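Scroll down for the structure; my scribbles are underneath it.
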Amino acid sequence: MTTDTVLFAEAPDGTRLPVIDLSLPQFAVPDSPQAVAELEAKALEEQRQRGPVQRAAMAVMLKAMAGQSRLIQALQDARGGFLSGTATYVMKLGADNLVPPYASEIDRRVAETPIVVAMRLRLAQVATLLSEALAPVLAGNLRPLVILEIAGGPSPDALNALIKLDRQGLLAGRTAQILIYDLDTDGPAFAAAMLKALRTGPLRDRDIALNHIPGNWSDRAALTQLVNGLPGDAVVAATSEGGLFEYGSDGDIVGVLEALGSRVNIVTGSVTRDGELNRLMRREASSNVIPRGLERFGRLIAPTGWTVARSEGAVLSDQVLLVRS
């Protein structure tokens, strides 16, 4: 079933937010090579123009504007740490889809910045990589599908991958499950609310379950136990958009990939770039992301038996599809 109607789901803070459905024109983000190059050039030019005086003035201005913008407040709260799952999700909505209390004129301006647009592109690229890798594995059979979200929070990448797969006729008659392995509780709760809404629309009549498994990606034993307990006949994919490969330590990444082992068929995620733009941005605020870049990331994961089969760039990060080598 397809519809151009935007669905809504209640976030943990009580706000009714649009459900991101990348098949709808309302959530489209330009993704041609030219559009991506122009977005990156604009972001880089903005950062290059910010000298010490401009950065100091910007910090004062943002602090003053925080009371008028929920998104700026979230960015201020996240300095030196992590942006909340709900705030990250809202930024991926796009300026025209914002709703109160995230709909001030300042919020709209934040949502239109190249960096935030890049977050929307990152989501779209991961969802596409995941669905396109799963499609040939699911074709011609009705094996159960499990998508393991590692620190997935609201998990819009997995949800949109399912929408894409269903539009190809690959979910009818099949059981599917999203397992969110995450310490957070709010994000998975919102994911469940979004799935409920989607089951009144594009995922109507589909046998899809969503479960939250509290866990830390550093706990290799717990993750191994979870993976080993998955149905033996299931097609299993793992994904972590804006998560493990960006914030996890080298040891965390290796440990997770080894825990996934040969039981998981496909892994997708985002890798922070090690380039001028990221270096310039780190002048303004500390961040827990680790800018490895694809080359270093590839060397890191090689001993685990996984390799980068495909990548798509989006300004601050490269989105990757990993397969067993």
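The values are calculated or read from the model by the stated rules, or taken from the named source; none is laboratory data. These figures come from a predicted structure and were not determined experimentally. Methodologically, a virtual Cβ is constructed for each residue, glycine included, from the backbone with ideal geometry; neighbour enumeration extends over all protein chains shown. Calculation scope for accessible area: heavy atoms of the full protein, side chains included, ligands and nucleic acids excluded. Shrake-Rupley method; radii C 1.70, N 1.55, O 1.52, S 1.80 Å.
The table that follows gives values for the structure above.
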| quantity | calculated |
| --- | --- |
| For the range 103-169, with +1 on Lys and Arg beta carbons and -1 on Asp and Glu, the positive-most of A111, L123, P154 along the dipole | L123 |
| Cβ charges +1 (Lys, Arg) and -1 (Asp, Glu), total dipole of the range 176-260, debye | 440 |
| Trypsin sites (Lys or Arg not before Pro) restricted to the range 210-316 and DSSP loop, no more than 16 other C-beta within 10 Å | R282, R283 |
| Dipole magnitude of the range 253-325 about its Cα centre (Cβ charges: Lys, Arg +1; Asp, Glu -1), debye to nearest 20 | 100 |
| Count of lysine pairs in the chain with Cα separation under 27 Å (8 or more residues apart, or interchain) | 6 |
| Helix 156-167 vs. the chain, principal-axis angle (Cα, 0 to 90°, nearest 10) | 50 |
| Spacing of the two label points (7 Å from each Cα toward its C-beta) at N211 and L280, in nm | 4.7 |
| Folded to 0 to 90 degrees: helix 250-260 orientation relative to the chain principal axis, Cα | 20 |
| Charge tally in the Cβ shell below 15 Å around P202, where Lys, Arg are +1 and Asp, Glu are -1, P202 excluded | +1 |
| Relative contact order computed over the range 83-127 (Cα-Cα under 8 Å; 6+ residues apart), in percent | 42 |
| Separation of alpha-carbon centers, the range 185-203 and the range 124-145, rounded to whole Å | 20 |
| Heavy-atom surface of the chain, accessible at 1.4 Å and reported per residue (Å²) | 43 |
| C-alpha long axis of helix 186-198 to longest principal axis of the chain, angle in ° | 70 |
| The range 183-233: C-alpha gyration tensor shape, a/c 1.5 cut-off, then a/b vs b/c | oblate |
| Selection from A37, V90, G275, by position along the positive dipole direction of the chain (Cβ) | G275 |
| Anisotropy class of the range 236-325 from Cα gyration tensor, a/c 1.5 cut | prolate |
| GluC sites (Glu not before Pro) lying in DSSP loop within the range 93-186, provided at most 14 other Cβ fall within 10 Å | E112 |
| The chain: calculated mean residue ellipticity at 222 nm from DSSP helix runs of at least 4, using -39500 (n - 2.57) | -13000 deg cm²/dmol |
| Hull-based mean projected area of the chain, where the convex hull spans the alpha carbons, in square nanometres | 15.5 |
| By average C-beta atoms within 10 angstrom, highest first, the peptides 253-260, 121-128 | 121-128, 253-260 |
